[in-house]
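Participant: Structure provided below as structure tokens; questions to follow.
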Amino acid sequence: MKSTYTISAAILAAVCASSAYAEVESLDPIKLTTHDWTGQIVNTFIMGEVLKKAGYNIEYVQADYIAQFAGLKTGDLHVAMEIWETTGREAMDEATATGNVVNVGESGMMAVEEWWYPSYMEEVCPGLPNWEALNDCAQEFATPETAPLGRYLGGPVTWGGFDDERVEALGMDFEVVHAGTDAALFAELESAYQRKAPIVLWLYDPHWAPTKYEGSFVEFPAYSSECYSDPSVGINPSAAYDCGKPTGPIWKVAWSGVADKWPGAAAAIEAFTISNADVGSLVAKVDLEGVSIEDVVAEWMAANEATWSTWIN
Amino acid sequence: MKFLARHILKGSRPFWLCLFGVTWVLSTYSFPLYKALDARWIIKFPKAWELQLDGWISAVMKWLVEDASFGLFSFRDLTRFISSLIEAPYQVVRSGLIDGFSTGQGQQAVEIAPSLSWIAIITILAALAFYAKDWVLAALVGGCFVYLAIFGQWESAMVTLASVIIAVPLGVVGGLLLGILAYLSPLAERMMRPVLDLMQTVPVFAYLVPILFLFGFGPVSALVATVIYAMPPMVRVSTVALQGVPTEIEEAGRMMGCSRRQMMWKVLVPSAMPTLMVGVNQVIMLSLNMVIIASMIGAGGLGYDVLTALRRLDIGGGIEAGLAIVALAIALDRLSQAFSTRTQDALPEPGLSYVKRHPWLVSVVLIMLGTGLAGLYLPAIQSYPESATLTTSAFWSDAMEWININFFDTFEAIKTFFLTYLLLPVKRFFSGVPWAWGIIAIGLAAWRVGGWKLGAMAALMALAIAASGLWAKAMITIYLCGVSVFLASVIGIPLGIWAGQNSRANSVIGAFIDTLQTLPSFVYLIPVVMLFRVGDFSAMIAVVLYALAPAVRYAAHGIREIEPEMIEAGKVSGCTKNQLLWRIKLPLATPSLLLGLNQTIMLALSMLVITALVGTRDLGQEVYIALTKANTGQGIIAGLAVAFIAITADRIVSAMARASRERLGLK
């Protein structure tokens, strides 16, 4: 796929007789990483297309979300467009501490992660999205394996999130069952949604699921960092995690050499911002309507020239 | 199963009953015992005694990646050099199949030549199939590739094909050389055997992270992982094949005055060729098995399509891409098998012109050039037009929704039944076993079956698992695999017996299990989760489906291999059909059934990592967590624990098979 781009780009370059673009510092390709969720790939492609317009050469490299830091440290990889405060903070801090990786600032998107329920559950459990109302009808969510407790489908254990601790601290009648991947998570949601069956599970935004399915995030007591660290803070005086999950920015990171080798590109990467709503609608087009990522990105580029042209000037 | 147990355990029933009884009592009462004696060490391996091996491994890895040096160049330079050696041919093949050739980079690139057109590639493969066998095979292979084009999988399939074209020769040549080494030197063979065991049983996820560090991000790392995974059978098959060459042929070679090199390459290897081709076939199949995992670290291709389709719950898209992998596997498998049985053509008459002597080669080249040139003007000839592709995606999604809405309750009832009466009791039994007794029990069982050496090895391996703090997860692993292997045998052995006695059943069942084995399990994992929710039951279904194949194959093989005289003898003695089956065929097929059991266990264990994607709490999950956290040490330790379980099971079952063969007076 990657090289089809190179080819089409080559034809384009030949047509425009390459001198049409400003001189760039280096023609070596800038390697942007892509991961396994659509929103990230869309953002990365937008960044890549913008950099191409500025005359840089781009290569998209598929890499694991956490494992990529090893490559960013050595300069094998150059730019990662989405590091979530909620899931990638530790790895990012460890990498930036070495001095070989730099945080290039916020991407403009905010990561939201929380318990979520489909809207048809509001009839069964009046008082939602309040968490106490959810707890009052916990038995509605029970399955043979978890009865009499309700079943809450949590994210993969690697996502953290302290759901087991939260259930304990808030005295909720739920059992946390961890899905192995997000694909399994959404498979269960799809299945329950088709049958209008009770379900409460971990969802996150920006993602196509909150767009496709009608529903809301559960409202827990507001998050504060003290609530996580200090047991005495919050509803339960003797336990931490008696509140909701934090929301946080999604960061961009880069190999520290990018700013030396391609200063113009580094500035453009730093200037890149996009909103949750924009990404959400682009992702929905790709994942729900089946439009290809390239087409969606091209459409966005055409409609938002005023926005991205400021990034590369 | 009962007759099997009776047959194997003949004469030693009190021992096994005793062992089971003690284990059961300890497992049931371990918790009260710990409370009564206030001795927590009974149920949990003391933290203070745990070996911190994972930290050391991570540290060694870090040193290897960052500091290790041979003076002039570092270890990393070496691996990166190897990486570039692999990458160069890969890029050439990929350019030829799909990308086209160009110079310069990025936007300055200029295309020199297009890739082969889709028509040319189909023609080449069909011609190869005709050359290897006949028109039927050519039609089958051509048909498989036409499927890829029509269902819009062409581009991805060519990327996957490119990696197979590079990985298979590497695996075959490497495997052959190592196999020859093992054949020539018994010492090398002894040293290689445990390494091969580990290569086959350590889950791939466990070594993906170090490979990424050493070989860089991208398709090369995926290729390296594929080769590591696919090579071991080739090594084993090579050794066996060479040992199987009749001594007469060797003698003849010696009489001709062959040098050692001529002896190996002109006499032994060609004579072993048919068996060697079995190994080649295995390498191809295993390489295609790796497609999904390889795509997780940048191989792209069909595996990537399966993953992305299922992540957005496009079940139909996942099935189509998955079936494309099956089509590719079938085409390559049948092609390689045809080559292994091909008979030499008569030499063409020398007087003819080049064109007349090589009509096929010439016409294929003409089609390549012709379509290449025509493709410059007509894009549909160069690449299959997107508007003419078909998709059945909507059909599958609708079908799934219909099943889900109408039959969910039925499935739920079935699931609850299995959970209550099979899964949960077994789980309770295994997780209750105190680690100290567990080590002793496995040691005793292995000793009883295979002598004190085996017993000591099994106990040591169990101790290593406990000492790594993985006892609880290992027990969950054994429970999940045990239940799955049991069910796979219960379903698979009767199917195999049926297939062994009835050739029509055989062809249907054969096609079915071939598909099950090459269809990436991720394809059916997501629908299974939709119907059965996240949990052990979904994981078990996936494992059973995948591990079914060897149970069926070996049972069918065992039945077919029985000498007809034995059955005749039975008939003459007036056996009924039932008696014939239970008293004669099954006991005689036992060694084969045990081999099948062995392979079923191996496949079940190798599925662990995939079931971690559903959400289990076993060693597979431990390996997967290590992967997502890029923790080399943790991954390798958990991977070794899986390997230890696999090796222990393998040795015990093999010892049983040996004993049963001796008892039956077979060779």
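Participant: Magnitude of the Cβ-charge dipole of chain B, K/R +1 and D/E -1, about the Cα centre, nearest 20 debye? Each step should come with its number before you reach the end.
Facilitator: Numbers: 47 positive and 37 negative charges, 478 e Å.
Using Cβ point charges on Lys, Arg, Asp and Glu, chain B gives about 2300 debye.
Participant: Moving on to the next point. Please compute the Kirkwood hydrodynamic radius of segment B:259-372 from all pairs of different C-alpha atoms, in Å with one decimal. Provide the component values of the computation, followed by the final result.
Facilitator: Details: mean 1/r = 0.0554 Å⁻¹.
Radius from the Kirkwood sum: 18.0 Å.
Participant: What is the mean number of Cβ atoms from other protein chains located within 10 Å of the Cβ atom of each residue in peptide A:59-68, rounded to a whole number? Before the final figure, lay out each step's value.
Facilitator: Working: counts 3, 0, 5, 11, 6, 10, 2, 6, 11, 3.
Counting Cβ atoms of other protein chains within 10 Å of each residue's Cβ and averaging gives 6.
Participant: Taking amide H positions as placed 1.01 Å from N in the peptide plane, with prolines and chain starts having none, which residues 5 or more places from A:Val61, or on another chain, fall under 5 Å of its amide H?
Facilitator: For A:Val61, the qualifying residues are A:Leu32, A:Thr33, A:Thr34.
Participant: If each of A:Ala239 and B:Phe81 carries a label point 7 Å out from its Cα toward its Cβ, how far apart are those two points in nm?
Facilitator: Calculated label separation equals 5.9 nm.
Participant: Output ³J(HN,Hα) for segment A:23-38: one whole-Hz value per residue in order, computed from phi by the Karplus curve 6.51 cos²θ - 1.76 cosθ + 1.60 with θ = phi - 60°, and x for Gly and Pro.
Facilitator: Ordered by residue, 3J(HN,Hα) equals 5, 10, 5, 8, 8, 4, x, 8, 9, 9, 8, 10, 10, 9, 10, 4 Hz.
Participant: When the distances between all Cα atoms of segment A:111-229 are binned every 5 Å from zero, what whole-number percent does each bin get?
Facilitator: In whole percents, the pair-distance histogram is 2, 11, 22, 26, 23, 11, 3, 0, 0.
Participant: Okay, next question. To the nearest 20 debye, what charge dipole does the protein assembly as shown have about its Cα centre, counting +1 at the Cβ of each Lys and Arg and -1 at the Cβ of each Asp and Glu? Don't skip to the answer; put the middle values down first.
Facilitator: Values: 62 positive and 83 negative charges, 1146 e Å.
With Lys and Arg at +1 and Asp and Glu at -1, about 5500 debye.
Participant: Find the percent of Cα-Cα distances in the protein assembly as shown that exceed 39 Å, and round it to a whole number. Don't skip to the end; give the middle numbers.
Facilitator: Numbers: 235199 of 479710 pairs.
Taking all Cα-Cα pairs of the protein assembly as shown, the fraction more than 39 Å apart is 49 percent.
Participant: Here's another thing I want to ask about it. From zero outward in steps of 20 Å, how is the percent of C-alpha pairs of chain B spread across the bins?
Facilitator: 15, 48, 32, 5, 0
Participant: Of all beta bridges DSSP finds with both residues in segment A:111-229, what is the antiparallel percent, to the nearest 5? Let's see the in-between values first.
Facilitator: On the way: 8 of 16 bridges.
Of those bridges, close to 50 percent are antiparallel.
Participant: Give me B:Ile442, A:Ile83 ranked fewest to most by other Cβ atoms within 10 Å of their Cβ, as a rough exposure proxy. Intermediate results must be reported in sequence, preceding the final value.
Facilitator: Values: B:Ile442 23, A:Ile83 26.
Placing the least packed residue first, the sequence is B:Ile442, A:Ile83.
Participant: Of B:Gly375, B:Phe73, B:Gly175, which is farthest on the positive side of the dipole of the protein assembly as shown, counting Cα position, with +1 on Lys and Arg Cβ, -1 on Asp and Glu Cβ, and the Cα centre as origin?
Facilitator: B:Gly175
Participant: Highest mean first, how do B:155-167, A:294-306, A:136-148, A:242-254 rank when packing is the count of other Cβ atoms within 10 Å averaged over residues? Mind showing how you got there, number by number?
Facilitator: On the way: B:155-167: 25.2, A:294-306: 14.2, A:136-148: 15.8, A:242-254: 21.2.
In descending order of packing, they fall as B:155-167, A:242-254, A:136-148, A:294-306.
Participant: Measure nothing but the geometry: give the 0 to 90° angle between the long axis through the Cα atoms of A:293-303 and the longest principal axis through the Cα atoms of chain A, rounded to 10°.
Facilitator: Helix A:293-303 sits roughly 70 degrees off the main axis of chain A.
Participant: Taking the 0 to 90 degree range and rounding to the nearest ten, how far is the long axis of helix A:85-97 tilted relative to the main principal axis of chain A, both from C-alpha atoms?
Facilitator: The angle comes out at about 50 degrees.
Participant: Taking 1 over the mean of 1/r across every pair of different Cα atoms in chain A, what Kirkwood radius in Å do you get?
Facilitator: Values: mean 1/r = 0.0469 Å⁻¹.
Its Kirkwood hydrodynamic radius stands at 21.3 Å.
Participant: Taking the Cα centre as origin and putting +1 on Lys and Arg beta-carbons and -1 on Asp and Glu beta-carbons, what dipole magnitude results for segment A:21-174, to the nearest 20 debye? Don't skip to the answer; put the middle values down first.
Facilitator: Details: 7 positive and 27 negative charges, 127 e Å.
With only Lys, Arg, Asp and Glu charged at Cβ, the dipole is about 620 debye.
We did not get these values from a lab; they are worked out from the coordinates using the rules stated. Being a predicted model, the structure only gives us computed values, none of them experimental. Because the Cβ atoms are built from the backbone with ideal geometry, glycine has one as well, and the counts that use them run over all protein chains shown.
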